[in-house]
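What follows is a single structure, written as structure tokens, with notes after it.
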Amino acid sequence: MREALAFLTVVGRPSPPTPRALRWFPVVGAAVGGVVGTVWWLADQAFPALLAAALVVALDLAVTGLLHADGLADAADGLLPHASRARRLEIMRSPDVGAFGVAVLVIVLLTRVGALTARPADVGLIVGLWCVSRTLVAVAPAWLPYARETGLATPLLAAPATPVVGLAVLPATALAVVTAGWVAGAAIAAALLAGTAVLALARLRLGGFTGDVLGATILVAETVGLVVAGARW
């Protein structure tokens, strides 16, 4: 668990992850969601909804060390423009952020703030969505090839997590539904579909996933889930 925590957050000493870290991704996701959700609830008591939401989004970025945000920007730059597979991978490896990356990242962050503003604070909902998003990327290597010869995710692939790890979505969904009702179930279903769509796009345009794609999958899944939860049902 310590390896997964150090890989996905700023907690712990940075070290190369091993394949066993993948099985702990859902647990770390739930833990991060618990922290983010609790801060959301506390901030909602002390500040106007918009300010509370902005603080929560900033906290999430800080806890994750901007890892997923960086992945989202790089993935957008590589997956969205017209380019060959080799060129897409080259763009995603570049340290520069292009117009696609900036635009997508800004839109996603603003959408997260707006979605959090649209509903009362709910710790269980955040725990569920954050757990499900990490569960999805934990099982992705079991059914998607890696698009690079070597990269950030390479150490995780010697023994990919089995699809059984995907069962973590069940308690996560149950917790969210207990606290937020059937809307949480709809939000988690939407998150799974959105995250799967990102992985499918990567398969189509890259032939598989990269570490950046996994980061993008996490943020897109969570954001779509929050949007669905914040709708006027």
Fewest-first sequence of Trp24, Trp40, Trp130 by Cβ atoms within 10 Å of each Cβ: Trp24, Trp40, Trp130
Cα long-axis angle, helix 211-229 against the chain (0 to 90 degrees, to the nearest 10): 30
Separation of the Leu51 and Leu167 label points, Cα + 7 Å toward Cβ, nm: 4.7
Among Gly195, Gly29, Gly207: highest mean-square fluctuation, GNM of the chain, C-alpha pairs under 10 Å: Gly207
Contour excess over end-to-end distance, with Cα ends at Ala83 and Arg20 and 0.36 nm allotted per residue: 19.2 nm
Cα lying deepest toward the dipole's positive end in the chain, options Leu144, Ala99, Val228, charges on Cβ: Leu144
On Cα atoms only, tilt of 49-63 relative to the major axis of the chain in degrees: 40
Charge-dipole axis of region 2-229 as Lys and Arg at +1 and Asp and Glu at -1 on Cβ define it, positive-most pick from Ala52, Ile218, Ala21: Ala21
Folded to 0 to 90 degrees: helix 67-79 orientation relative to the chain principal axis, Cα: 50
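Charges only on Cβ, +1 for Lys and Arg, -1 for Asp and Glu: so what's the dipole of the chain about the Cα centre, in debye to the nearest 20? Write out the running numbers ahead of the final one.
Details: 15 positive and 12 negative charges, 83 e Å.
I would put it at about 400 debye.
Each value in this text was obtained by applying a stated rule to the coordinates, not by laboratory testing. As the structure is a prediction and not an experimental result, all values here were calculated from the model. Note that we place each Cβ from the backbone using ideal geometry, even for glycine, and neighbour counts take in every protein chain shown.
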